[in-house]
Amino acid sequence: MTTPSQGRTPAEAAREAMGELADAAGAAGIRFPSLRLDPKPVGEDGVLAHLIDLGRINLATAKKLTKILEAARK
């Protein structure tokens, strides 16, 4: 199913968003080693939601990510 306004499927849009997230995280020094697109889209109200699984991260990465998110709140 292609969305007319964007010319791509929801799965393609999710893959693009996942790539953008990986790039932005990498630029901030964060690496999600298990980053992936959830293989089973979740449907709510007949609309599929392609979930991005951030996966598991180590303690150092969690602390760095926390600092970045806290700084973004200010």
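Six or more apart or on different chains, Cβ under 7 Å: which pairs go from a residue in the stretch 1-12 that's under 16 Å from Leu37 (Cβ atoms) to one that's modelled with pLDDT of 65 or more and open to solvent by 60 Å² or more (accessible area, probe 1.4 Å)? Could you list them?
Pro10/Leu48
What pairs come out if I take residues in the stretch 39-51 that are at pLDDT 80 or above and pair them with residues that are open to solvent by 90 Å² or more (accessible area, probe 1.4 Å) whose C-beta lies under 6 Å away, six or more apart or interchain?
What qualifies is Pro41/Leu48.
For the stretch 6-35, give me each residue that is more than 24 Å from Ala72 (Cβ to Cβ) and touching an Asp or Glu at 6+ places or on another chain (Cβ under 8 Å).
Quick first cut of the stretch 6-35, residues more than 24 Å from Ala72 (Cβ to Cβ) only: 6-12, 15.
Residue satisfying the conditions is Arg8 alone.
Given Ile68, Ile30, which one is in contact with a helix residue (DSSP H, G or I) (Cβ under 7 Å, 6 or more places away or on another chain) and either part of a helix (DSSP H, G or I) or surrounded by 11 or more Cβ atoms within 10 Å (Cβ to Cβ) (or both)?
Values: Ile68 fails: in contact with a helix residue (DSSP H, G or I) (Cβ under 7 Å, 6 or more places away or on another chain).
None of the others qualify; the one that does is Ile30.
Only residues in the stretch 55-74 that are over 15 Å from Ala28 (Cβ atoms) count as the first member; pair them with residues that are among the aliphatic types (A, V, I, L, M) and surrounded by 11 or more Cβ atoms within 10 Å (Cβ to Cβ), Cβ under 6 angstrom, at least 6 apart or cross-chain, and list the lot.
Gly55/Leu35
Scan the stretch 34-45 and tell me whether some residue there is of a type outside the set (Asp, Glu) and part of a helix (DSSP H, G or I). Write out each step before concluding.
Initial filter on the stretch 34-45 (of a type outside the set (Asp, Glu)): 34-37, 39-43.
From the residues that got through so far, the ones that are part of a helix (DSSP H, G or I) too are none.
Within the stretch 34-45, none of the residues are of a type outside the set (Asp, Glu) and part of a helix (DSSP H, G or I).
Is at least one residue of the stretch 20-31 touching a residue at least 24 places away in the same chain (Cβ under 8 Å) and in contact with a strand residue (DSSP E or B) (Cβ under 8 Å, 6 or more places away or on another chain)?
Yes, the stretch 20-31 contains a residue that is touching a residue at least 24 places away in the same chain (Cβ under 8 Å) and in contact with a strand residue (DSSP E or B) (Cβ under 8 Å, 6 or more places away or on another chain).
The values are calculated or read from the model by the stated rules, or taken from the named source; none is laboratory data. Model, not experiment: these values are computed from the prediction. Methodologically, a virtual Cβ is constructed for each residue, glycine included, from the backbone with ideal geometry; neighbour enumeration extends over all protein chains shown. Accessible surface areas use protein heavy atoms only, side chains included; no ligands, DNA or RNA. Shrake-Rupley method; radii C 1.70, N 1.55, O 1.52, S 1.80 Å.
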